[in-house]
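Step one of this worksheet: look at the structure below.
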Amino acid sequence: MAPTPHPAAAQLIRPPRGRLRRTFLNLALRLFVKWPQGPRIDVARLRRRQAQLDRRLGRLPATAHRESAEGIAAQWIGASDAAPGRVILYLHGGAFIARSPAAHAAMVHPWCEALRARALMVDYRLAPEHPFPAALDDCETAYRWLLQRGHAASDIVLAGDSAGGNLALALMHRLRATGTPLPACAVLLSPFVDFTLSSPSLCCNAARDPVFTLAFATAIRALYAAPEHYLDPRVSPLFGDFHGLPPMLIQVGSTEMLLDDARRVAERASAAGVPVQLEIWERMAHVFQVLGSLPQARAARQRIVEFIGARSGWSGNPGPCVETNRFSGACPEVT
């Protein structure tokens, strides 16, 4: 199966620093994350492993302000000098079945500092105990809670990674369908948006991806939703109506099995007239942005801050830091 051509507006990102660390990271992920995966998921074991990683990665600076949100399953994280009203509504990844609250908070906190904003980290219900549509319902509840508290939709930025990227896009479809004001923009990190598993990169990147296997993706979807929902835009938001959605930034690794999920979102959004920026990061693993010490993660963070600042009107202090190649057509071979 041939890889999907990149949308014309895509950017292949080749950071000049961190290549050796990227190589060791991908090897470690392949050894300790990918190879143990099989067609059956031990949910309890996976959650224990996530908790261990969360403790290692979730180191916040002493200046970080963190507190539970009142009346909703969510947590505030942000800068001490946050401007009133500025909110990043963040929907975490974790294959719909696990969470890493400290690690995600540590990833998003620098965005908040640079943009003088706060992030509301939603603690949505997890499958398999709470399958579809519980998680999406909780995310919608969090968005409407912000509106009810007086936050303008134009001062809300929606973001999510992996399963959270799915929920972010599905939430925008649901809000648009009901005439609810939409957020200023959205940031999607390696979104998993097609439960039919029809993206060509699921096959052509299967050997290159250091994290996922097709068996794992198949098992995830069975835990989250029944087969009759796989074409439902609330489960596979790739198949929703993109007209009228806010501007989007999508970041994905060039060797990810989910590469074509990101490409196809960008194509459908662009065809519907939605401003979309697709960044394909050379040989980077799934949601590498959470590893804040990586030079590539710092570069990606700076581009996220730049995008949010430009689309929301919030002040920030981003600057150029990576080499970028614009291109269209087929992706050059990467190994």
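The values are calculated or read from the model by the stated rules, or taken from the named source; none is laboratory data. Please read these numbers as outputs of a predicted model, since none were measured by experiment. All Cβ positions, glycine included, derive from the backbone under ideal geometry; neighbour counts span all protein chains shown. With ligands, DNA and RNA removed, areas are computed over all heavy atoms of the protein, side chains included. Shrake-Rupley method; radii C 1.70, N 1.55, O 1.52, S 1.80 Å.
With each run of n ≥ 4 DSSP H residues scored as -39500 (n - 2.57), what mean residue ellipticity at 222 nm is computed for the chain after dividing by its residue count and rounding to the nearest 500 deg cm²/dmol?
-11000 deg cm²/dmol
Less than 16 Å from a label point 7 Å out along the Cα-to-Cβ axis of residue 35: which backbone N atoms in region 208-229 qualify, by residue?
208-213
Please identify which residues in region 291-310 have an amide N closer than 17 Å to a label point set 7 Å out from the Cα of residue 152, following the Cα→Cβ vector.
Inside the label zone: 309-310.
What ³J(HN,Hα) values, in whole Hz, does the Karplus curve 6.51 cos²θ - 1.76 cosθ + 1.60 give for region 226-233 when θ = phi - 60°, with x put for Gly and Pro?
6, x, 5, 9, 5, 9, 6, x
Charges on Cβ only, +1 for Lys and Arg, -1 for Asp and Glu, centred on the Cα centroid of the chain; of 121, 106, 169, which one is farthest towards the dipole's positive end?
Farthest towards the positive pole: 106.
Tell me whether region 155-217 comes out rounded, prolate or oblate; compute the Cα gyration tensor, take square roots of the eigenvalues as a ≥ b ≥ c, and use a/c under 1.5 as the rounded threshold.
Values: a/c = 3.61, a/b = 2.27, b/c = 1.59.
Prolate is the answer for region 155-217, as a/c is 1.5 or above and a/b outweighs b/c.
Lys and Arg at +1, Asp and Glu at -1: add these up for the other residues within a Cβ distance under 12 Å of residue 92 and post the number.
Charge balance near residue 92 sits at -3.
So who's got an amide H within less than 5 Å of the one on residue 278, skipping anything under 5 residues away but keeping other chains? H placed 1.01 Å off N, in plane.
Those qualifying (amide H under 5 Å, at least 5 residues apart or on another chain) are 11, 250.
Under a 5 Å amide H to amide H cut-off, with H placed in plane at 1.01 Å, what residues pair with residue 88 once short-range neighbours are removed?
It is 118, 119, 120, 157, by chain and number.
Classify region 54-180: rounded, prolate or oblate, from the alpha-carbon gyration tensor (a ≥ b ≥ c, eigenvalue square roots; a/c under 1.5 rounded; otherwise prolate if a/b is larger than b/c)?
It comes out oblate by the Cα gyration axes.
When the Cα centres of region 203-232 and region 171-197 are compared, how far apart do they sit, in Å?
19
Take the Cβ-Cβ distance between residue 56 and residue 137 as r, set R0 to 30 Å, and report the resulting FRET efficiency rounded to the nearest 0.05.
0.40
Could you provide, to the nearest whole Å², the per residue accessible area of region 42-119 with probe 1.4 Å?
With the other protein chains kept in place, region 42-119 gives 47 Å² per residue.
Report the full-extension gain for the segment residue 243 to residue 67: residue separation times 0.36 nm, less the Cα-Cα distance, to one decimal in nm.
That pair, residue 243 and residue 67, stretches by 59.7 nm at full extension.
How many nm is it between the label spots at residue 226 and residue 180, if each spot is 7 Å from the Cα in line with the beta carbon?
2.4
Report, to the nearest whole %, how much of the accessible area of region 61-182 belongs to carbon and sulfur atoms, 1.4 Å probe, protein only.
49
Rounded, prolate or oblate: which fits the chain when a ≥ b ≥ c are the square roots of the eigenvalues of the alpha-carbon gyration tensor, with rounded for a/c under 1.5 and prolate only if a/b beats b/c?
rounded
Take each of the peptides 101-112, 205-216, average the number of other beta-carbon atoms within 10 Å over its residues, and list them starting from the highest.
Final packing ranking: 101-112, 205-216.
So for the pair residue 44, residue 27, with labels modelled 7 Å out along Cα→Cβ, what separation do we get in nm?
3.6
Long-range amide H contacts for residue 187: which residues qualify at under 5 Å (H placed 1.01 Å from N, peptide plane, sequence gap of 5 or more or a different chain)?
It is 158, 159, 160, 249, by chain and number.
So, counting K/R as plus one and D/E as minus one, what does the shell of residues with Cβ under 14 Å around residue 115 add up to?
+2
Can you give me the distance in nm between label points at residue 129 and residue 20, each placed 7 Å from the Cα along the Cα-to-Cβ direction?
Here the answer is 4.5 nm between the modelled labels.
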